[in-house]
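The values are calculated or read from the model by the stated rules, or taken from the named source; none is laboratory data. Given the structure is predicted, the values throughout are model-derived calculations rather than measurements. Note that we place each Cβ from the backbone using ideal geometry, even for glycine, and neighbour counts take in every protein chain shown. The accessibility values were calculated without ligands, DNA or RNA, using every heavy atom of the protein model including side chains. Shrake-Rupley method; radii C 1.70, N 1.55, O 1.52, S 1.80 Å.
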Amino acid sequence: MNRREPHVQPAAAATSTQGAPAHPPQPGSGVRERLTRTNLAHGPTRFVGRRRELSELRTLVVEHALVTVTGPAGAGKSRLACELARLLLDEYVEQGGAWRVDLEEARDLDAVSAAVAWTLGIGFGAGIGQALSARGATLLVLDGVDGCVGALSRLLPEWTAAAPGVRWIVTARAPLGLEREARLDLGALATVASSGGAPDAVWLFVDRTRGAGSELVLDGKSEREILELVRRLEGLPLAIELVAASAGAFTPAQLLEMETRVKSNSLRAAVAIAWDALESWQRDALAQASVFAGGFDVEAAEAVLDLRAHPGNRSTRDALESLRRHVLLGATLGVEERGAPRFVMSGPVREHARERLLEVGGRDAAVARHASYYARTGMDRARRHDGPEPRAALGWLTRESDNLIAAHRRMLLRGRDGATLAVQAALALDPLLACEGPGSLRLGLLDA
């Protein structure tokens, strides 16, 4: 194998409300201004391959107001879109900035509008289209829209007409079907060598293996095994990253054998292999973490994850860090939380972890701890909104809105036993909904 190092795209020096700057802002440097106009954090790993796709997406964004990046789960749609947004930040930082809006939990018009408004801090009063128009040139990545395609298809034509200076990148498994929607189909990484070098899928595996601290020895045999492995994983970046993170526990030959035994699609097989590489306490932590909706921080994890059944005094922080190294959790650094990490879980990993939690019978207890923490902490933040820290309180409520809504709805299903927590979760969100809307969601929560 030609050991040419993989091409790494340069990234703009960006960060966000969910990502911290690599260096403290210097007076007059313009960094502080950048921080107020983006929530894009640097990716936790190097950006490998996708040079052609990145160039094509850049051209489409210049030429079209709306571009949808389509492809199967695990193809790297979000990473590509956010990588380009970071690269283009300088073109938008003087006006509206560049932002990622997480729509994975959104299902209806109100949820989509709330996610956009809360991310940008624009409220509902003046209308989102008008507010976006007033911002000028803005780049928005609407990420993970598969659960709200119908709602988004109704809202986007209105927003694009009202705010012609906004560029939209949508990530979805299928196109929205809107007029003037440009489309970039994102397929698998190359598993066939070109230009005398190893294919991108192989370099991604090698890069992630080295990043995980594995002492992988590349020789003729291991190179052939890695090539066969990434081909069986269909060149899907997420599948490759998950399996590569397990290379410290298994050799490429063992990983091939495990992949053969798992009778499932490539992404589910990769998650299963990554699960098998974990110790019991790590599996338990990941399974319990599946009850979070959206992201979560260390404080929330310490309240929800219960690892007392495992010997050795395993800490929640150790569990989170180890799961991050195995690529089963992603992590960014939050500016509002003074650099505290915030963790996220991809859809395929969450699905597998939730299934395992149901198997062992621990979901009800984990859901109860989740609701108790968010109801109690949410009420505390709501009280602070009327005190000396209203901005910090609204920031926390915005970040944790998905978890608060999930706690409310889950506790409603428990009838009288969950009534108090359901009410507290709804009341905790009230300052945010009163300030920024949507009013229909506010009324819906209180009525329920």
* Asked: In the Gaussian network model of the chain, springs joining C-alpha atoms below 10 Å, which of Asp306, Asp219, Asp185 carries the largest mean-square fluctuation?
  -> Asp219
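For the chain, what is the mean residue ellipticity at 222 nm derived from helices alone (per DSSP H run of n ≥ 4: -39500 (n - 2.57); sum divided by total residues; nearest 500 deg cm²/dmol)? Kindly include the intermediate steps, with their values, before the conclusion.
Details: 21 runs with 234 residues, N = 448.
Counting only the DSSP helices, I get -16000 deg cm²/dmol.
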* Asked: If you build a Gaussian network model of the chain, linking Cα atoms that sit under 10 Å apart, which residue out of His310, His370, His408 swings the most?
  -> His310
* Structure fact -> Relative contact order of the chain (C-alpha contacts under 8 Å, at least 6 apart) in percent is 15 percent
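If packing is taken as the average count of other Cβ atoms within 10 Å, what order do 415-427, 102-114 fall into, highest mean first? Spell out each step's value before the answer.
Values: 415-427: 17.5, 102-114: 19.6.
Descending mean neighbour count gives 102-114, 415-427.
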* Rounded if a/c under 1.5, otherwise prolate or oblate - segment 208-327, Cα gyration tensor axes -> prolate
* Can you tell me the accessible area per residue over the chain, all protein chains present, probe 1.4 angstrom, in square angstrom? -> 45 Å²
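How long is the gain from Arg52 to Lys221 if the chain were fully straight, where each residue apart is worth 0.36 nm and the alpha carbon distance is subtracted?
On the way: separation 169, 0.36 × 169 = 60.84 nm, distance 3.02 nm.
Residue separation times 0.36 nm, minus the Cα-Cα distance, leaves 57.8 nm.
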* **Average projected area [Cα convex hull, segment 147-188], square nanometres** => 3.4 nm²
* What FRET efficiency would be calculated for the residue pair Asp447, Arg317, taking the C-beta separation as r and a Förster radius of 45 Å, to the nearest 0.05? -> 0.70
* Asked: Which whole-Hz ³J(HN,Hα) couplings does segment 141-155 yield from phi under the Karplus relation 6.51 cos²θ - 1.76 cosθ + 1.60, θ = phi - 60°, glycine and proline marked x?
  -> 9, 8, 9, x, 9, 4, x, 9, 4, x, 5, 5, 5, 7, 7
* At q = 0.10 Å⁻¹, what is the base-10 log of I(q)/I(0) for segment 38-151 according to the Debye formula with one equal point scatterer per Cα and no solvent? Please give it to two decimals. => -0.30
* Long-range amide H partners of Val170 with built H, under 5 Å -> Val67, Thr68, Val69, Leu142
* Sulfur and carbon atoms: percent of accessible area, the chain [1.4 Å] -> 50 percent
* For the chain, what log10 I(q)/I(0) values come out of the Debye formula at q = 0.13 1/Å, with one point per alpha carbon and no solvent? -> -1.28
* To do: Apply 1/(1 + (r/R0)^6) to the Cβ-Cβ distance of Glu359 and Ala134, taking R0 = 56 Å, and write down the FRET efficiency to the nearest 0.05.
  => 0.65
* To do: Under a 10 Å cutoff between Cα atoms, tell me which one of Gly74, Gly96, Gly165 has the largest fluctuation in the Gaussian network model of the chain.
  => Gly165
